Amino acid sequence: MSAVPAQSLPAPLRGAPAEAPARRLRLVPDAVRRRKPRIAYAIIALGAIILVAAAQLVLSVAMTQGAYELDSLRVQQTKLERDRQIVGEELDALQSPQNLARNAEELGMVPNTTPVYLRLSDGAVLGQPQAAGDGAAASGPLVPNSLITDVPLVNQPTPSDNASGGTGAGASSGADAQLVPPGALPTPDTH
């Protein structure tokens, strides 16, 4: 369409035979009437806003709860890691050569001051074998280990044994519990 008013069109175009039905032009009123929005659309929009806000609130609470649970698990992991380190240090102290030597001497073993070696390639014995004397000077720890000073020896009762009525590492369970004589190796009860 053109911006030129319909009255100013040339006359030959007006009288031209029209194949299509002629359109009638009418004036547009000054005030355009608007339809009032329906109440259903307003309720749906308000419901959607409330639903989104509720979902956001639920997700926020869930995320906060997850953060508290994660923090609790991290604290528990830190505590368990400390406990693992403490138990590892205790195990290292019990596995130390000084502790093993102390326990071996307590059980009646004596160090051999003249070791003998066996060469596996030809089966030759290197050195002169001698029996270890009963009064062989116990080596004592050449390198002291302060971590094992409070560790009880094998034949000494521990505080947990005293509380339960036991008699130490060599004690047997039941009514026929016997003390292990000094210098003897403890044996487990078998059935």
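Points to keep in mind about this one:
- Taking the criterion of being without any contact (Cβ under 8 Å) to a residue 24 or more places away in the chain and not hydrophobic (A, V, I, L, M, F, W, C), the residues of the range 93-111 that qualify are Q95, P97.
- For G47, the conditions (1) at pLDDT 95 or above; (2) part of a loop (DSSP other than H, G, I, E, B) all hold with the exception of (2).
- Flag if R82 is open to solvent by 100 Å² or more (accessible area, probe 1.4 Å) and modelled with pLDDT under 90: no
- For beta carbons closer than 6 Å, sequence separation of 6+ or different chains, a first residue in the range 125-149 that is modelled with pLDDT of 70 or more and a second that is part of a loop (DSSP other than H, G, I, E, B) and surrounded by 10 or more Cβ atoms within 10 Å (Cβ to Cβ), the qualifying pairs are G127/V116; P129/V116; Q130/T114; A132/V110; A132/N112; N145/S96.
The values are calculated or read from the model by the stated rules, or taken from the named source; none is laboratory data. A quick note: this is a predicted structure, and the numbers were derived from the prediction, not measured. Heads up, the Cβs are rebuilt from the backbone with ideal geometry, glycines too, and the neighbour counts pull from every protein chain shown. Please note that ligands, DNA and RNA were not included when accessible areas were found on the heavy atoms of the full protein model with its side chains. Shrake-Rupley method; radii C 1.70, N 1.55, O 1.52, S 1.80 Å.
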